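Written out below as structure tokens is the structure these notes cover.
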Amino acid sequence: MGAVATKTRADLRRRRLQSVALALVLFLATAAATLSLNILVASHEPFERAFAAANGAHLVIAYDGTIDDARLAATAHAAGVTASAGPYPIGEADFEHLKGGRVFGQSISGRPQADASIDAITMIAGRWWQRPGEVVLDRSIAAVLEKQVGDRVTVYSTPQASGGKGPDAVPGPPEAPGTTGPRPTLSATVVGIAGSVSTPDVAAWLSPSDVTLLMAGRPTAKEMLYRVEPAATQADLVAAKARITAALDPRAVTGQTTWLDLRTSVNKTADLYVPVLLAFSIFALLAAAFAIANVISGIVLSSYRDIGVMKAVGFTPRQVSTMLLVQILAPATLGTALGVAAGLVASQPTVVSTTEAFGLPPAFAFSPLVLLVVPLAALGVASVAALGPAIRAGRLSPVEAMTRGTMPAVGGLARRLRGLGFRLPVALPVRLGLTAGIAHPARSGMTLGALVVGVAAATFAIGTNLSLLRIKTDIDRGATAPVRVELPSPDRAADVATTIAGLSGTARFVGLGQGTVSVPLAGSMPFVGYDGDASWIGFPIIHGRWFAGPGEAVAPTNVFRQAGKQIGDTIQVQGDSGAVTLTLVGEIFDTGDESRDGLVLRGSLADLRRLDATAAVDRFEIQPVAGTSARDYRTAFSEATQDAIAVSVISDLSSDADFLLFLSVVAFLGVVLVAISIGGVFNTVLLETRQRWRELAILKAIGLTPLQVLVQVVSSVLVVGLLAGFIGVPLGLLIERGVIAYMGETAAHLAIPESAFDVLLPVAYVGLALSGLAIAVVGAFLPARRAASLRVAPVLQAE
Amino acid sequence: MAALISLRGVSKIYDRATQPALDGIDLDIEAGKITAIIGPSGCGKSTLLNLIGGLDRPTRGEIVVDDVRVDRLDETGSARFRRSAVGYVFQFFHLLDDLSVAGNVAVAAQLAGSSPAEADARAQELLGQLGLAAKAGAYPATLSGGERQRVAIARAIVNRPTVLLADEPTGALDRRNGDSALALLEDLNRHGQTIVLVTHDEALAERQAHRIVHLVDGRLAGDRFARAAA
């Protein structure tokens, strides 16, 4: 093996640049694949992992606050209960926003300690509260309020006694007498930031006495957490709840959540990431496969003459094949190892943030399966690409090998193509380059493949990001109706409307009421009635139009699907007070709070009152005048109403940090894939120029200048570059369309409006189409420069 | 007669080599003659030819070809110089394998500024003169050594160069083809072509050249007129 090792080392040294380039392609491909797949696995079933790690609560039950603590504590001894926590008070409060205004109706909990035996709280920063006046914020609310450990936060008693929003909201007790004055406030110190698997809706944990203070003497609810056996199915949990509450009054339970409900919700959101990350993983491995196959076949071909000499000297076929394989797999393995490590490291911030984005404490670092699959796939591709040519080369006779190495391997087709190319009406160096590029159709095809993947990936990344940004804007309706006012009671509607109309910053506003109705085949769903023109409210129209008045309604995709209806069909809508026939005039992109599982009807308030005689305006949506920010409007409204009416800016209720992180990951992966394509072209052109070294020397000898040589070499990739643009852009847009449509369907059974895809200006399409050319030219430039500076005499005399 | 090619104090040292490939060469070459440069293997003959043709640059000294300071030309300048002033014939022909015979000749003409049609016509004319008209569409791999050398000569003279540089033009040929190639060169010289011929074969030099320059270890060891000059 000494001779084999010696020769192999010498070949690796001689082909240093090529080895480095091959290793680099593998590095980028495996890094991108590892990054994508690691995030993908972290996004897949994140809840189960976090739940198991935190000893999550199978049941979270809220009880009437008047029930004695001892009686509630006794429920922990029910059959099947293996661990419990509580009882402790819970409630709602408003939090002052750093930038002014408030975030309303946030859940607060008086849980006394972070008990690790059940729903172990993950402390992200700081510590648990120890005394009144201290608060631990949930990660999400901390991001929204822009608070850190050590900051002060002002917490207000909420003005409305509501247990939540939407049709499932449990109406709270009426305002107690004497509570129309200033509401209790608490100025607390943030001592910790945490996350809870089982109670992700809790915005803050504080002392029971502080909770009681903020609930302003009204009866509080009390909460208990339970771990039970068995707990695998809803039936198990229903039975467990029955055993737990057997000794209590049936009206004692005011709310509950099961771990299965939470799991469905979290995993559904997680599934959104699947198609994007999977697409990038496939892109990365495909791009690498094309690049690797091209380079490897070229390395083997260029070694034929060497092989002939080796065999003539006495190397066996197996030794020759081994040397070729080692030459290829050594740099490939190095690149793969470094790439997987880099991808693993690069994925960590996103992996941690992804699990946190689901309201879960981080419980995942990497997937051993990913660390196994990615290198196997990458090295598998390299091995498969190298094995065939290496074995064939090993079996060649010395004479045949030397002959194939010294004579051009161009068949009749290649010659005909070159002949045609040489007649093109362009400058000579360009002509020479174009003919060189098309003379090897198979190699050009693989280069084209690598370029198409790069262009498609770049198009996909840009298109997906812009589309997601457009969709987010549509979801937030930030441009049209960014301000929401919630009435403490419907009888305040008239004077609040007067206040809104009287503000100089009001451009448009409309009152909304809500009820629950039933639609044949689709079942129960909310009906939102608008008291006036709401066509400006900002829900994108997918098909049809906004409703014009009574007798018409609009709905999201799932309503049409479930009810088996199309635009223009009528539906018989049943409410508590009667039935109404409505014509469905529009399919809208509707992710409003009111929508449940993609089911909601929007129509006129008049129709809503016919369906539910008790329905009334309970909130307003407002569009400020141009030039007035939503936050300034909110401040003005708060001042006009002396903070007595809840007003919020919709976008303030969520943090964009995780969304932006996802977009940045998508952008980063797009850049990496373009780099892989560039690397693929670089490798191929490097190989081509090495094979054509003699030809280039001859051309320089007869008068081709260095600049002309550079032009010639770069021209060899012009055709594939242009083709890649014209193939890759539509491919990338098609994949983007499919992925975004999947995300809409998975998230909320929604079709995506066409406007979400109409995000690129015409000039951008031209730019993307030319991106293939740009990638090809960038990849070819360095080898072209190298060729331009080759010294003629040593090359020709070496012959 | 004024020298067409003039070398003054020309030396060439390759990358820290202890022995210069050429050392202080002073030489004048007349127009219209065949000058042979002979010497043992490694004496610097090909290096001298490369310097005259601008394929390489001297470490020291001046080289003037047809009033052009070749030693001062950059890469672009020397490429342009070679297009019209120099025709090269190599020992191993160095044809472009992916171009046809006619294409090999025409590409040199196109580099010098001819249109594709003009270059093609000129190539066909030359090939006809050299007895290769029937091979115009063939590829170099299918030709014999002698035929390839004739194609190389056609390429070298397509632009009517000031000087034809031939580096061991018969080194890869058998006796018959070698004589045929030499006869071709002689015929070109009769029509006024200046030729600088490198060979290790002194007898060949005696037969073909007007003047023989002898190099040993990079230095001029002899300079005399040959029988062809008589």
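The values are calculated or read from the model by the stated rules, or taken from the named source; none is laboratory data. These figures come from a predicted structure and were not determined experimentally. Glycine gets a Cβ as well: all are built from the backbone with ideal geometry, and neighbour counts include every protein chain shown. Calculation scope for accessible area: heavy atoms of the full protein, side chains included, ligands and nucleic acids excluded. Shrake-Rupley method; radii C 1.70, N 1.55, O 1.52, S 1.80 Å.
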Charge sum, other residues only, whose C-beta stays under 13 Å from A:THR459's C-beta, Lys/Arg counted +1 and Asp/Glu -1: 0
As I understand it, the dipole of segment B:58-217 uses +1 on the Cβ of Lys and Arg and -1 on the Cβ of Asp and Glu, about the Cα centre. Which of B:GLY178, B:VAL151, B:LEU215 lies farthest toward its positive end? B:VAL151
Accessible-area order for A:VAL766, A:VAL351, largest to smallest, probe 1.4 angstrom, reads A:VAL766, A:VAL351
Against the 2.2 N^0.38 Å scaling, with N counting residues, where does segment A:571-730 land? I'd like the Cα-based Rg ratio to two decimal places. 2.11
Rg ratio (alpha-carbon, reference 2.2 N^0.38 Å) - chain B: 0.99
Using only Cα atoms, find the angle between the long axis of helix A:16-43 and the longest principal axis of chain A, and express it within 0 to 90 degrees, rounded to the nearest 10. 20 degrees
For all pairs of alpha-carbon atoms in segment B:22-102, what percent lies in each bin of width 10 Å, listed from the first bin to the last filled one? 15, 45, 32, 8, 0
What FRET efficiency comes out for the pair A:LEU376/A:SER789, r = Cβ-Cβ distance, R0 = 30 Å, nearest 0.05? 0.15
List the pair-distance distribution P(r) of the protein assembly as shown, using every Cα-Cα distance, as the percent of pairs falling in each 20 Å bin from 0 up to the bin containing the longest distance, rounded to whole percents. 11, 30, 23, 16, 14, 5, 0
How big is segment A:652-799 by the Kirkwood estimate over distinct Cα pairs, in Å? 18.5 Å
Between segment A:46-112 and segment B:68-107, the Cα center-to-center distance that results, in Å: 87 Å
Angle, helix B:101-111 long axis vs. longest principal axis of chain B, Cα atoms, 0 to 90°, nearest 10? 60 degrees
Relative to a virtual label point 7 Å from the Cα of A:ILE567 in the Cα→beta-carbon direction, which members of segment A:585-604 show backbone nitrogen distances below 13 Å? A:585-589
For segment B:82-208, state the average projected area of the convex hull of the C-alpha atoms over all orientations, rounded to one decimal in nm². 7.0 nm²
Across the alpha-carbon set of segment A:16-151, Rg over Rh with Rh taken as the Kirkwood radius works out to 1.17
Residues of segment B:72-104 buried by at least 40 Å² on assembly (accessible area, 1.4 Å probe, chain alone as reference): B:GLU75, B:ARG82, B:ARG83, B:HIS94, B:LEU96, B:ASP97, B:ASP98, B:LEU99
Not counting ligands, DNA or RNA, and with a 1.4 Å probe, what is A:TRP693's accessible surface area in Å² rounded to the nearest 10? 60 Å²
Where does chain A land at 222 nm, in deg cm²/dmol rounded to the nearest 500, when only DSSP H runs of n ≥ 4 count, each adding -39500 (n - 2.57), divided by all residues? -17500 deg cm²/dmol
Cα-based equivalent ellipsoid of segment A:709-767: semi-axis lengths in Å, sorted from largest, via gyration tensor: 36, 12, 6
Rounded to the nearest 10 degrees, the helix A:234-244 long axis (Cα) sits at an angle to the longest Cα principal axis of chain A of 40 degrees
Going from the alpha-carbon gyration tensor of segment B:130-169, what semi-axes, largest first and in whole Å, does one get by taking the root of 5 times each eigenvalue? 20, 12, 7
Quick one: of the DSSP bridges fully inside the protein assembly as shown, what percent are antiparallel, nearest 5? 75 percent
In short, segment A:677-712 residues buried by 40 Å² or more of accessible area relative to the isolated chain (1.4 Å probe) are A:ARG694, A:ILE698, A:ALA701, A:ILE702, A:GLY703, A:THR705, A:PRO706
Each label point is 7 Å from the Cα along the Cα-to-Cβ direction; what then is the distance between the points at B:ASP74 and A:SER209, in nm? 8.5 nm
In angstroms, what radius of gyration and Dmax does segment A:1-90 have, counting Cα atoms only? 30.1, 89
Quick one: Kirkwood hydrodynamic radius for segment A:639-718, alpha-carbon pairs, angstrom, one decimal? 18.0 Å
Across the alpha-carbon set of segment A:729-799, Rg over Rh with Rh taken as the Kirkwood radius works out to 1.39
Can you list the HN-Hα couplings for segment B:49-56, worked out from phi with the Karplus curve (6.51, -1.76, 1.60; θ = phi - 60°), rounded to whole Hz and with x for Gly and Pro? 4, 4, 5, 4, x, x, 6, 8
How much accessible area per residue does chain A have, counting only protein heavy atoms and a probe of 1.4 Å, in square angstrom? 39 Å²
Find the sum over both chains of the accessible area lost when B and A are paired, probe 1.4 Å, and report it in Å² to the nearest 100. 2700 Å²
Leaving ligands, DNA and RNA out of it, report the carbon-plus-sulfur percent of the accessible area of segment A:623-766 at a 1.4 Å probe. 70 percent
In nm, spacing of pseudo-spin labels at A:LEU338 and A:GLU754 (7 Å Cα→C-beta vector): 4.9 nm
What percentage of the solvent-accessible surface of segment A:458-563, computed with a 1.4 Å probe over protein heavy atoms, is contributed by carbon and sulfur atoms? 55 percent
Pick out, from A:THR516, A:ILE541, A:GLY575, the residue whose Cα sits farthest towards the positive end of the charge dipole of segment A:504-584, with +1 on the Cβ of Lys and Arg and -1 on the Cβ of Asp and Glu. A:ILE541
So for the pair B:ALA121, A:THR189, with labels modelled 7 Å out along Cα→Cβ, what separation do we get in nm? 9.8 nm
Measuring from the lowest to the highest alpha carbon on each principal axis, how far does segment A:465-607 reach, largest first, in angstroms? 45, 45, 23
Residues of segment A:422-471 that become at least 20 Å² less accessible with every protein chain present than in their own chain isolated, using 1.4 Å: which are they? A:PHE422, A:LEU428, A:ARG431
Report, in cubic angstrom per residue, the convex hull volume of the C-alpha atoms of segment A:417-514. 196 Å³
Work out from phi, with θ = phi - 60° and the Karplus expression 6.51 cos²θ - 1.76 cosθ + 1.60, the ³J(HN,Hα) of each residue of segment B:194-201, listed in order in whole Hz, and give x for Gly and Pro. 7, 10, 10, 10, 9, 7, 9, 8
